[in-house]
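Data block below; observations after.
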Amino acid sequence: MGHTDPALPTFKGGTHGWDGTQWRKLPLLWGYSDRWYECGAWMGDGATEMGSTSAVPPGYIYILQKAAAMDLNSAPSSICIRLYTDGGGYGMVGQDLSPVQGKYLIVDGPMVLKEGDYVTAVFGGTTNLDELRLRVWGYKMAIAE
């Protein structure tokens, strides 16, 4: 073993553990730092509309537990909830091709977002001055790697 001296860097801050053969840096511990809730509302202009959350800031991971999007005033042709990555790509996590006025499209998590990632709602075929909404909730996890 040879690494049983608490003065060695492998013991500092509890960042290393013995795996049976050697000392290794421990993986990130999953934890809760704060609640994450964003609620956005904006007016449509009669075309395809998109609204987004803020991007995950440096030093954090966000865990999306639920996302919801709706058109309060009319039934658009579609609603899509997407996760955008820091590299510019996206993954569709929920879609309704025949949404009902005033009814949320709800997507359940958990989904993990890292620095630069964000959630977007895309509404197709909105009516001018429709009130569109996107809500997300989950939790934040501060990281220090």
Residues satisfying the stated conditions in segment 23-59, i.e. at pLDDT below 80 and not in a strand (DSSP E or B):
Leu26, Pro27, Leu28, Leu29, Gly46
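Can you tell me which residue among Gly91, Gly87, Gly138 is modelled with pLDDT under 95, of a type in the set (Gly, Ala, Ser), assigned by TED's automatic domain parsing to the domain that holds Gly46 and part of a strand (DSSP E or B)?
Gly91
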Taking segment 113-133 and the residues there that are part of a loop (DSSP other than H, G, I, E, B) and more than 16 Å from the chain's Cα centre (by Cα), the one that is surrounded by the fewest Cβ atoms within 10 Å (Cβ to Cβ) would be Thr127
From the residues in segment 1-22 that are β-branched (Val, Ile, Thr) and modelled with pLDDT under 80, which one is farthest from the chain's Cα centre (by Cα)?
Thr4
Output the residue which, of all residues in segment 78-112 that are surrounded by 13 or more Cβ atoms within 10 Å (Cβ to Cβ) and among the polar types (S, T, N, Q), is nearest to the chain's Cα centre (by Cα).
Thr85
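The values are calculated or read from the model by the stated rules, or taken from the named source; none is laboratory data. Keep in mind that what you see is a predicted model, and the values were worked out from it rather than measured. Heads up, the Cβs are rebuilt from the backbone with ideal geometry, glycines too, and the neighbour counts pull from every protein chain shown.
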